[in-house]
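Here the structure is laid out as C-alpha cells; the discussion comes afterwards.
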Amino acid sequence: MTRPPCVMQKLWLYLYFPSLQLDTLLQQSSDTDIHKQAYIIFDEAKNQTCQLNKAAYQAGIRLGMGLGTASMLKADLQVIPYQENITKNRLNSIAQNLYLATSDICFFSHNGLLLRVHNMLNLYGDLVTYWQHIKHILLTQNVHFHYATGHSPLAAKLLAVKAWDRITDSKIHIEQAMSKCTLQHTELSAKSIQKLNRIGIHDVEGLIKLPLADIAKRFEIDIVTYIGRLTAELSHPVNFFHPKPYFDQIIELLFDVQSIQILQKPLLQLLAKLELFLKERDLLTQSLKVYLSQREHNPIKLEVNSQQGEYLAKHWEELLFLKLENISLESPIFAIQLLAPTTYVRRPDKQDLFAGKQGSLSPLQLRSILQAKLGKEAILTPQLADDYRPERTTLLNQTNTKAAADFPLFALRPSFLLTPPQLLQEKVHLASGPERIETGWWDSEFIIRDYFIAYNALGQWYWVFKTPHNKWYLHGVFS
C-alpha cells in the first residue's frame, strides 16, 4: 500500500504598518523633543485621522477621529496632510529589502505586505529561523509594525491588524485568535456588519460557524466570498512583487527646506540606504542622479559620477556635497529623489604585495572629486596620440579612455620636452642612436630627424637630434 504524498500546509505572514508616512517623516529628525510632540496624519478626503504617534494617542486622539475633536484634545497638535505616495514609496522600499530574505511578497493593501511562508521553510528549516531573518530586516527600517501568521491571506491580515503579533503554524491557535476578533476588524462593509449584527453575529467566531450555503441565500455575495477566503475554503488570488533592478528612492521632507546644509541629513539617509542596497547585492555604481523638488519651480537635477565604481556612502557623500556647493535654491525644497540607474557586479580589489604604501585615494577617485568640485570640463587627461612626432605624441582629453590608437611605444623617452627644441650649445657624448623619425608628410610640418641619447660633462642625459642640414638640437632632458 502506497502512502499518499504529503501536501504542504499553506502558511502566510502579514506585516501591517499603521503609520508609514509619519514614521518616514519623523525619522528625518534627530531632535528627541520632536518625538514628544503630538503628530497626526489627517486624511482630508475622509475627514478623519489615519495615523498618529504615541504622544497623540496619550492625549486621547484615536484613529478615525475628526480634526476638530483632535484639536480640542491637544492644543499644540501638529497636523500633516495624508499623502498616499509617501506611504507607497516607503512600502516599496521595505519590500525591496525583504526580497533578499523571502521570495514571494505581495502588496496586499496600501499599508501592508503579505508574505508566502510555506515555500520558504525548506530553505530556512523552520518558522522561527525564517521569522528571525524577516524581523531583523524590519527592525532596520525604523517603522512601527504588527504581524501575524495565518492559513489564508485574510486570516493573517485580520490578526495582524488586530496586533496579535504572533508567529505560529498551529491552526488551533490561529483559529482561537480569529474567533475573538470583532466584525469591525474584518474587511466587511459597515452595511454588511449591521445586517450580521441583526441576526446576533458580532464576532468572527459566530461568522465562520455559519454554513456558506445559508449565508449565500440571505446575504450578498461579498460576505460569502470574504468568509470563504478567510477560512481558506475559497482560493485567494495573489499578485507577487518583482523588485526593481536599480536603486530609486524618494524622501518627502517633514517641512520645506531653504538651506543646503539642512538637506545634508536626509541626503545622508538616502546614501545609507543606497550603500545597503548595493552591499547586499554586491554591486557598484558609477553614477547617481539627485532630484531636488522645489515649490513652484522645476526640480533641480544633479548628476554625480565616479570614475571608479563605488558603493560606500562616505565616498558618494563627498562627491555629492561638492556638487551642492555650486547650486543656489530658488525656492524651498520639499522632496529629494536619489536614483542609481546603472549598476554592475563588484570585483574584489587586487592588492600588490610589493607595491608599498599607497595613498588612500585611487587615481579614479581623485579624478571624480576634482570633477565634482571644478566641473567635468576643467579636468584634462594626457593621452597618447597616433602621431610619431614627439611634440604631438600626447594630447589632453576630457574623457578617461584608453589610447587613441595601438602602436609601438619606444623606450628611453625623456620626461621633459623643450618646446620648441633649442640649438645644442654644449659638447656632449653620444651614448646610443641614431633613431630616425621621418613623418608628417600629410601636413605642413614634415620632419626628418636623427635622434640620439647623449650626456654632457656634468652627467646630465639629453635627447638630441640632427637635421639633414647638420644642425644639432636639444629636445628633451631625462629625469
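A Cβ distance below 8 Å, combined with a sequence gap of six or more or placement on separate chains, defines the contacts here; from the range 179-190, residues that are closer than 17 Å to residue 224 by Cα reach residues that are of a type in the set (S, T, N, Q) in the pairs 183/197.
Being out of contact with any Pro (no Cβ under 9 Å at 6 or more places or on another chain) and of a type in the set (Gly, Ala, Ser) holds for only one residue in 335, 340, and it is 340. Of all residues in the range 130-150, exactly one satisfies the criterion of being at pLDDT 95 or above, surrounded by fewer than 21 Cβ atoms within 10 Å (Cβ to Cβ) and either of a type in the set (S, T, N, Q) or part of a loop (DSSP other than H, G, I, E, B) (or both), namely 132.
Among the residues of the range 274-311, those identified as under 12 Å from the mean Cα position of the chain (by Cα) and farther than 18 Å from residue 337 by Cα are 279, 280, 281, 283, 284.
Here residue 343 clears all of (1) within 17 Å of residue 248 (Cβ to Cβ); (2) surrounded by fewer than 19 Cβ atoms within 10 Å (Cβ to Cβ); (3) of a type outside the set (A, V, I, L, M) except the condition numbered (2). Among the residues making up the range 379-408, a single one is among the acidic types (Asp, Glu) and modelled with pLDDT under 55: 406.
Could you say whether any residue in the range 438-454 is surrounded by 12 or more Cβ atoms within 10 Å (Cβ to Cβ), of a type in the set (Val, Ile, Thr) and at pLDDT below 85? So far as the range 438-454 goes, yes, one or more of its residues are surrounded by 12 or more Cβ atoms within 10 Å (Cβ to Cβ), of a type in the set (Val, Ile, Thr) and at pLDDT below 85. Can you find, within the range 226-263, the residue that is nearest to residue 334 (Cα to Cα) among those that are loosely packed, with under 15 Cβ neighbours inside 10 Å and of a type in the set (S, T, N, Q)? So, considering only residues that are loosely packed, with under 15 Cβ neighbours inside 10 Å and of a type in the set (S, T, N, Q), the one nearest to residue 334 (Cα to Cα) is 258. Against the test of being in contact with a helix residue (DSSP H, G or I) (Cβ under 6 Å, 6 or more places away or on another chain) and aromatic (Phe, Trp, Tyr), the options 247, 255 yield a single qualifying residue, 247.
Taking the criterion of being part of a helix (DSSP H, G or I) and under 19 Å from residue 149 (Cβ atoms), the residues of the range 227-249 that qualify are 229, 230. Do the conditions hold for residue 95, that is, is it in a loop (DSSP other than H, G, I, E, B) and aliphatic (A, V, I, L, M)? Against the criterion (in a loop (DSSP other than H, G, I, E, B) and aliphatic (A, V, I, L, M)), residue 95 does not qualify. Scanning the range 307-346 for residues that are in a strand (DSSP E or B) and within 21 Å of residue 244 (Cβ to Cβ) yields 309, 310, 335, 336, 337, 338, 339, 340, 344, 345. Among the residues of the range 445-479, how many are more than 13 Å from residue 389 (Cα to Cα), under 57 Å from the mean Cα position of the chain (by Cα) and in a loop (DSSP other than H, G, I, E, B)? So the count comes out to 2. Of a type in the set (Asp, Glu), closer than 30 Å to residue 212 by Cβ and modelled with pLDDT under 90 - does that describe any residue in the range 228-235? Within the range 228-235, one or more residues are of a type in the set (Asp, Glu), closer than 30 Å to residue 212 by Cβ and modelled with pLDDT under 90. Among the residues of the range 109-128, those that are surrounded by 12 or more Cβ atoms within 10 Å (Cβ to Cβ) and either without any contact (Cβ under 8 Å) to a residue 12 or more places away in the chain or aliphatic (A, V, I, L, M) (or both) comprise 113, 114, 115, 117, 120, 121, 123, 124, 127.
The values are calculated or read from the model by the stated rules, or taken from the named source; none is laboratory data. From a predicted model like this one, the values you see are computed outputs, not experimental measurements. Cβ coordinates were reconstructed from backbone atoms using ideal geometry, including for glycine residues, and neighbour counts include every protein chain displayed.
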